[in-house]
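Accompanying notes for the structure given below.
The values are calculated or read from the model by the stated rules, or taken from the named source; none is laboratory data. Keep in mind it's a predicted model, so treat the numbers as computed, not measured. Cβ coordinates were reconstructed from backbone atoms using ideal geometry, including for glycine residues, and neighbour counts include every protein chain displayed.
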Amino acid sequence: MPFPKGGHHTSETREKIKIATLAKSSLIVDSNKRRRGQKLNVNRHGERNANWRGGGNIFVCPVCNRFFSSTRPGRKPKYCSRSCMNIGRPAEKMFTRCRGGKRADLNNTYFRSSYEANYARYLNFLIKHEKRIKKWEYEAEHFRFNKISRGTVSYTPDFKVTFTDGHVEYHEVKGWDYPKGITARKRMAKYYPKVELFLVDQDFFRTLKRQGFDKLIPGWE
């Protein structure tokens, strides 16, 4: 029977249309059946159906809990976006050119990445040739944010650098930055405003390489 002219859908019909529309855009899944990172399929009624193969595969992002789909065959993405990937990755994987381990040429000190090891070699080069730096220490001091009870509650800079004139600086080596590190530095500026903290990033190492320090300093990785 055709729908009467000028009539309106019932509330039940409107609900069915809503469910079908949302399911088509991969946004409806029973919240009680969510599993982080689990592949989920829904049919046009918003129901889970293992045999239904229409559309893309649906996933749940473990960081923001949003639903997203992927139509690429054989791909099983874990995160919905690059920003969520940066947050969700384990801390030990947050270093570019990461090669943690002890370095024999640096008093068998353990470094978390080759960037950190190379920066220690660069500081040794300055101690030997420029005489401005007296010594450096790796992860020597730990700063606690006493007023913070959640999230980033403390911070340990990579290098404590003591100069011959007595003043002290803290250098943080980051080949690839991430949100937790940015938050830590902001809180350092707020709670320890007198502490001199400097960021050593990829651009710094590119400059050193252009100037030939990678060939000049022994053991450069």
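Per-structure values
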| read-out | value |
| --- | --- |
| Tabulated pairs, the range 184-201, first closer than 22 Å to residue 150 by Cβ, second assigned to a loop (DSSP other than H, G, I, E, B) and modelled with pLDDT under 95, C-beta under 6 angstrom, 6+ apart or interchain | 184/152; 187/145; 191/145 |
| Residues within the range 135-192 that are assigned to a strand (DSSP E or B), of a type in the set (Lys, Arg) and surrounded by fewer than 16 Cβ atoms within 10 Å (Cβ to Cβ), tallied | 2 |
| Any hit, the range 103-118, residues being in contact (Cβ under 8 Å) with a residue 12 or more places away in the chain, within 13 Å of residue 161 (Cα to Cα) and in contact with a Leu (Cβ under 7 Å, 6 or more places away or on another chain) | no |
| Qualifying residue in the range 144-151 (condition: within 21 Å of residue 123 (Cβ to Cβ) and in contact (Cβ under 8 Å) with a residue 12 or more places away in the chain) | no |
| Residue satisfying all of: in the range 106-134; of a type in the set (Ser, Thr, Tyr) and part of a helix (DSSP H, G or I); surrounded by the most Cβ atoms within 10 Å (Cβ to Cβ) among these | 115 |
| Residue ID - surrounded by the fewest Cβ atoms within 10 Å (Cβ to Cβ), chosen from residues in the range 202-221 that are touching a helix residue (DSSP H, G or I) at 6+ places or on another chain (Cβ under 9 Å) and among the acidic types (Asp, Glu) | 221 |
| Unmet criterion (only one of (1) closer than 22 Å to residue 182 by Cβ; (2) out of contact with any helix residue (DSSP H, G or I) (no Cβ under 8 Å at 6 or more places or on another chain); (3) surrounded by fewer than 16 Cβ atoms within 10 Å (Cβ to Cβ); (4) modelled with pLDDT under 90) for residue 80 | (3) |
